[in-house]
Every structure is written in structure tokens, then in C-alpha cells.
Amino acid sequence: FHYIKQWDHLKQLSAPYRMVAHELGLPQDLRTMTFPQSDAVMNRLISFNIRVTWTEAELDAFLTKMEGVVRKVMEGVTA
């Protein structure tokens, strides 16, 4: 996923190329903007990397481990 809190290069307009914001300016200062609703959602997500170079066997092993962890954490939890 891409989320603005991780986009310091865009918030500071320090990309290695000229952006539209360089020409037109920004309607708001991205460095001081807050996104409480988005933050609330993002704080509840689990994030992990899946490499495009993994073989199918490596991906299966990773998924098996993840499934085991999720099942362990969810033991005793009723939905």
C-alpha cells in the first residue's frame, strides 16, 4: 500500500523530477496535514512484504507460517 505518512519525498517536494505541485503549488501544506480517519484504519492493518522474486514454494511456506500465527492469535476469540 502507499500512504502519505510514508511519502516524505512528496510532502517536502523533494522528488528527483519536477511535479505538477512545483508548477501549480499545493492547496494545502502536506507536511502539516492530518488524516485521522485514514490513520485509524491504517493502525489496524497488518503489513508485510511479499517479494516478487519468491518462488511458489517460498510463498507457500510464508503463507503457512502466517496462517499458523493468525490461528494462534485468534484462539479463543469469538467473532
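The numbers here are math on the coordinates, done by the rules we state, and not lab data. The structure displayed is predicted, hence computed values, not measured ones. Glycine also receives a Cβ, built like all others from the backbone with ideal geometry; neighbour counts cover every protein chain displayed.
Can you give me the angle between helix 56-74 and the longest principal axis of the chain, using Cα atoms only, in degrees from 0 to 90, rounded to the nearest 10?
That works out to roughly 80 degrees.
So, counting K/R as plus one and D/E as minus one, what does the shell of residues with Cβ under 15 Å around LEU13 add up to? Show your work: numbers first, answer last.
Numbers: positive: LYS11, ARG18, ARG31; negative: ASP8, GLU23, ASP29.
Local charge sum for LEU13: 0.
Do the sum for the chain: with -39,500 (n - 2.57) for every DSSP H run of n ≥ 4, divided by all residues, what is the mean residue ellipticity at 222 nm, to the nearest 500 deg cm²/dmol? List each step's numbers first, then the result.
Values: 4 runs with 35 residues, N = 79.
Taken over the chain, the calculation gives -12500 deg cm²/dmol.
What shape does the chain take by its C-alpha gyration tensor, where a ≥ b ≥ c are the square roots of the eigenvalues and a/c under 1.5 counts as rounded, a/b above b/c as prolate, and the rest as oblate?
Oblate shape, in that a/c is at least 1.5 and b/c is the bigger or equal ratio.
Using 7 Å Cα-to-Cβ label points, what is the ALA15/THR34 separation (nm, one decimal)?
2.7
Let me know the volume per residue of the alpha-carbon convex hull for segment 1-47, in Å³.
It is 85 Å³ per residue.
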